[in-house]
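Worksheet for the structure shown next.
The values are calculated or read from the model by the stated rules, or taken from the named source; none is laboratory data. From a predicted model like this one, the values you see are computed outputs, not experimental measurements. Using ideal geometry, Cβ is built from the backbone for each residue, glycine included, and neighbour counts are taken over all protein chains shown.
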Amino acid sequence: MSHSKIAYLENYISRLSIGECLPPDMEWGDKAALSLVTGRPGLLPKEDHGKAEDILAKLDEAQLAFVFKHRPDLEPPRQDADDPEVPVAGSVGPGIDAQDNEVEDPEDLAGEGLPEPLTVGPGQEAQEEKDAPEDASFPYEDLPAHIRQKLQGLVHYDDGSCIEWSRNGRTSFVDYGETFLVPNARDKQGVEAVIALAAHRWGGKITLDGPPDFVQAAMKEAARQGVKVTNPELTEDFRKICKKQEEKRQLAAVREANLESFEVSGPAN
């Protein structure tokens, strides 16, 4: 194991936390290891994004040691090679050895991995007309004030293929031009900003893709902002969410009206 490699990667954690960029000639495995540790998928090209176990399977020993040091949740469970009841995998993730041992679910050998990210894209009409921008060259400086406010506290880095927005060294979302990627839908600011940006870019209509709980959270935020989600498979769920949002708005309006009309008077003469 190369301790110098681990020290080299450790150095870049602190550099990334203060906004520095990775050198363009850095080895792919080093970038991938840093991406897993820092939770920043934007460190890798879009085509290299995937499940954690698939990325781990491509790393060398030093890179794996670095990842498991900071992300022990990604380390596969240790198995007793002497126990015939327990299949032994020879690699991280679904390798040849796992197939030979007839492991039904390779993910059991690869740890829990990272959650699948939320993807926000243009509405169905924009996709059919192919009028979505092909790159991330978007005039952020011309955004309305209410959207700029949602970006407060975030810093961005443009590597030419995407724009990564982060806070305190962690990716909030990545803008690929034709889609937005949110690594963690529990990042409230990231979801709010992406929904607002996507609506502004694509005329108030968007599509969503990702784990069900992430999509539900994004639909609620879209309804709150008055943005239409156009996935056919989400039509009914989104209609119900919008109905609840409208009921909340009406109730709030009634309460406000009652407060405005409420008067306090003295005793009658």
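Candidates in segment 30-73 are the residues that are of a type in the set (Gly, Ala, Ser) and under 15 Å from the mean Cα position of the chain (by Cα); of these, the one that is nearest to residue 155 (Cα to Cα) is 42.
Take residue 194 and tell me if it is touching a Ser or Thr at 6+ places or on another chain (Cβ under 8 Å), of a type outside the set (Ser, Thr, Tyr) and in contact (Cβ under 8 Å) with a residue 12 or more places away in the chain.
Details: touching a Ser or Thr at 6+ places or on another chain (Cβ under 8 Å): no; of a type outside the set (Ser, Thr, Tyr): yes; in contact (Cβ under 8 Å) with a residue 12 or more places away in the chain: yes.
Taking the combined requirement at face value, the residue does not satisfy it.
Restricting attention to segment 211-228, the residues that are in contact with a helix residue (DSSP H, G or I) (Cβ under 8 Å, 6 or more places away or on another chain) and of a type in the set (Asp, Glu) total 1. Screening 126, 110, 193, 136 for residues that are over 30 Å from residue 226 (Cβ atoms) and either surrounded by 15 or more Cβ atoms within 10 Å (Cβ to Cβ) or modelled with pLDDT of 75 or more (or both) leaves exactly one candidate, 110.
Being of a type in the set (D, E, K, R), farther than 20 Å from residue 171 by Cβ and touching a residue at least 60 places away in the same chain (Cβ under 8 Å) is a condition met by at least one residue of segment 54-76. Selection of first residues in segment 239-260 that are in contact (Cβ under 8 Å) with a residue 12 or more places away in the chain and β-branched (Val, Ile, Thr) and of second residues that are part of a helix (DSSP H, G or I) and surrounded by 10 or more Cβ atoms within 10 Å (Cβ to Cβ), restricted to Cβ pairs under 7 Å at least 6 apart or on distinct chains, gives the following pairs, ordered by first then second residue: 241/219; 241/220; 241/223.
Residue by residue through segment 53-75, note down the ones that are buried (at least 18 other Cβ atoms within 10 Å of the Cβ) and either at pLDDT below 80 or over 27 Å from residue 181 (Cα atoms) (or both). Selection gives 62, 65. Checking each residue in segment 233-257 for being in contact with a helix residue (DSSP H, G or I) (Cβ under 7 Å, 6 or more places away or on another chain) and of a type outside the set (S, T, N, Q) picks out 234, 237, 238, 241, 242.
Does residue 207 count as among the polar types (S, T, N, Q) and closer than 15 Å to residue 46 by Cβ?
So residue 207 does not fit the description; no.
Here residue 161 does not qualify as surrounded by 20 or more Cβ atoms within 10 Å (Cβ to Cβ) and either modelled with pLDDT under 85 or of a type in the set (Gly, Ala, Ser) (or both).
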